[in-house]
1. So, by mean Cβ neighbours within 10 angstrom, what's the order for 246-255, 338-347, 170-179 with the highest one leading?
2. Given R₀ = 35 Å, FRET efficiency for LEU383-ILE57 by Cβ-Cβ distance, to 0.05?
3. Going down the table (LYS323/LYS380; LYS69/LYS146; LYS13/LYS400; LYS73/LYS380; LYS73/LYS363), which pairs top 25 Å between alpha carbons?
4. Largest first, please: the extent of the C-alpha atoms of segment 86-191 along each principal axis, to the nearest Å.
5. Solvent-accessible area of CYS379, probe 1.4 Å, all protein chains present, reported in Å² to the nearest ten, please.
6. Using Cα springs under 10 Å in a Gaussian network model of the chain, which residue among GLN237, GLN100, GLN330 shows the largest mean-square fluctuation?
7. Please figure out what share of the DSSP beta bridges in the chain is antiparallel and state it in percent, rounded to the nearest 5.
8. For the chain, modelled as a GNM with alpha-carbon contacts under 10 angstrom, which of VAL63, VAL365, VAL229 fluctuates the most?
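The values are calculated or read from the model by the stated rules, or taken from the named source; none is laboratory data. What you are looking at is a predicted structure, and each value in this text was computed from that prediction instead of being measured. FYI the Cβ positions are ideal-geometry reconstructions off the backbone, even for glycines, and counts take in every protein chain you see. Surface accessibility is based on the protein's heavy atoms, side chains included, excluding ligands, DNA and RNA. Shrake-Rupley method; radii C 1.70, N 1.55, O 1.52, S 1.80 Å.
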Amino acid sequence: MMTLNALFDGAGKPAEAAAYEREVEAETIRLRRDFHRHPETMFGVDRTAAEVAKQLIAYGLEVEQGVGKHFGKGVVATLRGSRPGRTVLLRADMDALPIQEQNEAPYRSASDGVMHACGHDAHMAMLLGAANMLSRYRGELAGTVKFAFQPAEEGALPIEDGSMVSGGRDMIEDGLLDDVDLCFALHVWPELPLGTVGVHRAYAMAASTHFRVAFQGVSGHHGTPHLAVDALLMAAQFVTEMKVAMASEINPLEPGVLSFGTLRAGTALNAIAENSEITGSYRVFEEETVLRVRDAIVRRSSAIAASFGGGSEARFRLGTALKNDPRAAQLALTAGTAVFGAERALALEQPSLAGEDFALYLKKVPGAFAFLGSGTPACKQPLHHPNFDIDERMLLAGAKLHVRFVLEAMASNDVQER
């Protein structure tokens, strides 16, 4: 009888294992293309979540839908092994981006202005592939596996108290991690070549804070500007002031960047804008610096508004730097070696200034986040590009990497449980 470990036997793999791999690979490709063709953004992932749940139920798992304290759009499946042991959580994100796809593949997005430009379609397909394999061989597992599919990794929405909630925070506040000992996730990464995996032993990604600043003024005619308070000018001055703040208030030896994404103001070309709103993000690593930049945004926007005779309001989704547990990172590298070989499991040094709300998971539970190489000459566009695509040969490897995360975590005593 074939065992789960037979999937990692390399050239000497039994014929039954090779045939099963082909079956799983075909299914992951089908699922990835379906998700890619039907992208949904933020918390509006109703179709996606339903398809994920349908697959997990078909694999015979315990499935809970509607997970999330505030928005309730997450899906969690539980697989119980034949013997007691650790509870290991694997996570994938479900949301797409408001980007118009420019690819011409047959599975290109059918939703105008929305596409999976960050690989979340692949993340879901790979985790479902792992759920397929692990459920088939659950009798070999000593412990429990939780499969978490979360919405809104790409952003956050405000709630009643004025704070911003991402999909990760929403599910964690609903108790997702209460019984979890270790957690793992991965992300497709065009900067690494196909057939490799990279893991940081500490910081992997920055604390990405999203902010939204609104200015309130008084509308008026362009011919009588002295009778109005220009909210558009407040926003323009704020852009300059925050660039100055990043240069003068942050330790120049610390990595950090602040960028603006949108500016909305006014309703007519010959009327002074009564309201304006500007959004953006900043990326740093230290928690103290996160708060320092937040305070600069509040202080400078308030001062600008007061100098014009207007008002301002700032809202934030404060970021958390993604920092791997060093012992869990070693487990992830060992898993990568089993899938790709020792020379293609890479210990990475330089963290990314991109952000990831899996950082919230790692703040509560030991774990690691891995970068799955997806770079090829044919698929070389960066994340969030309208021509972004992946080489689908990576899907089976990513599914097997998830499986190996579980096997290494259940077999090891190196990581201290909570």
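1. The packing order, highest mean first, is 170-179, 338-347, 246-255.
2. Working: r = 31 Å, r/R0 = 0.89.
Rounded to the nearest 0.05, the efficiency is 0.65.
3. Values: LYS323/LYS380 27 Å; LYS69/LYS146 18 Å; LYS13/LYS400 14 Å; LYS73/LYS380 32 Å; LYS73/LYS363 22 Å.
LYS323/LYS380; LYS73/LYS380, as the Cα separations exceed 25 Å there.
4. 46, 42, 26
5. 20 Å²
6. Of GLN237, GLN100, GLN330, the Gaussian network model singles out GLN237 as fluctuating most.
7. Working: 47 of 75 bridges.
About 65 percent, rounded to the nearest 5.
8. Comparing VAL63, VAL365, VAL229 in the GNM, the peak value goes to VAL229.
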